Amino acid sequence: MNKNLLTYIAMFFGLGLSIICYDQIVVGQNLDVNDNTELISLLKTQTNSLNVSEPIYQTINGSFLSTRELSTSPTLVTEEMFLEDAIMKDIGNVKNNMTFINTYNAQSTIIQGKGNGTIETSDGQTIGWMSSDIGVISESGLIFHGIILFDNTNSEKLSFLNGKLGVYKDAPKVHRTIWLFN
C-alpha cells in the first residue's frame, strides 16, 4: 500500500480517535478508583455522537467554476473551485463558495483533498470552513468523504456552527451532505 495513503488513513483514524476520546479518560490508563461512584460516572460519560438522520446541509445544485494544474510531477495536483446552492437546517437557502487542492494518486483511484470556503446566507451572513477528504474514482463517478471544521463567526444565524466539527459525503447520487458531531 502507498506510504502516503497509509499516512493519510492514520491521520483520519487519529482525528476520529481524538473526536471519540475528546474530554475522556484515555483507554489503557490505570484507574485509581476509590469507590464505585467514579467508575459509574466514567461509564456514563457521553461520547460525541453523529445524528445521521439529521444533516445540517444538503446541496441543491452546484457549479464547477474552474480548475488549474499546480503540479504534474511526481503526482497531479489541481486547484478546483465550485459554487453550491444548498439548504441549511433552520436557515434555508445558502451559497457555498469552495476551493479544493486535490492530489491524485497515480497508482490508484484515490484523491486526497484539502478544502476551504465560505457559506453565505441570503441576507449576507457568512462563516468560513476548512476540510480534508478522501475521494475515490468509481464507475458511478467521484465519491468524497471528508471532515469539516467551521471557523468562528459573529453572524447570528450561523453562530451555532462556531468551532463545530462535522463529516460530509459528496457523490453523484447524493450531493454534498454535512452532519455535525453533537
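The values are calculated or read from the model by the stated rules, or taken from the named source; none is laboratory data. Since the structure is predicted, the reported quantities are computational estimates derived from the model, not experimental observations. Backbone-built Cβ (ideal geometry, glycine too); neighbour counts: all protein chains shown. Each accessible area value is taken on the protein alone, full model and side chains, heavy atoms only, with ligands, DNA and RNA left out. Shrake-Rupley method; radii C 1.70, N 1.55, O 1.52, S 1.80 Å.
Some notes on this structure:
- Only one of Ser132, Ser155 that is small (Gly, Ala, Ser), part of a loop (DSSP other than H, G, I, E, B) and farther than 18 Å from Glu54 by Cβ: Ser155
- Top-ranked residue of the range 88-129 - restricted to ones that are among the acidic types (Asp, Glu) and closer than 20 Å to Gly166 by Cβ, ranked as most open to solvent (accessible area, probe 1.4 Å): Asp90
- Filter result (farther than 19 Å from Phe150 by Cβ, open to solvent by 30 Å² or more (accessible area, probe 1.4 Å) and either in contact with a His (Cβ under 6 Å, 6 or more places away or on another chain) or in contact (Cβ under 8 Å) with a residue 24 or more places away in the chain (or both)) within the range 164-179: Pro172, Lys173, His175
- Being out of contact with any helix residue (DSSP H, G or I) (no Cβ under 8 Å at 6 or more places or on another chain) and either surrounded by 19 or more Cβ atoms within 10 Å (Cβ to Cβ) or without any contact (Cβ under 8 Å) to a residue 60 or more places away in the chain (or both) is a description that applies to Ile148.
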